[in-house]
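For reference, the structure discussed in these notes is given below.
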Amino acid sequence: MNKKWAVKRLTINLTSSEAEKLEKYCSMTGRPATDVIRELIRSLPIEDEE
């Protein structure tokens, strides 16, 4: 099954240490930064809107 993504492109500004930490994590896990950031966003503790 193909997922159809509703795309919203974001540009973020990171400090050099933040960018380095993200790059190291991605290198260690073999995952792209986009996937890592999406996972972090999904894990944010918010109440579901009904």
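Here are a few things to note about the model shown:
- Looking across region 16-50, just one residue is surrounded by 10 or more Cβ atoms within 10 Å (Cβ to Cβ), among the small types (Gly, Ala, Ser) and out of contact with any Leu (no Cβ under 7 Å at 6 or more places or on another chain), and that is Ala19.
- Condition check for Met28: at pLDDT 95 or above and either among the aliphatic types (A, V, I, L, M) or in contact with a Pro (Cβ under 7 Å, 6 or more places away or on another chain) (or both): yes
The values are calculated or read from the model by the stated rules, or taken from the named source; none is laboratory data. The structure presented is a predicted model; accordingly, all values stated were derived computationally and were not measured. Glycine gets a Cβ as well: all are built from the backbone with ideal geometry, and neighbour counts include every protein chain shown.
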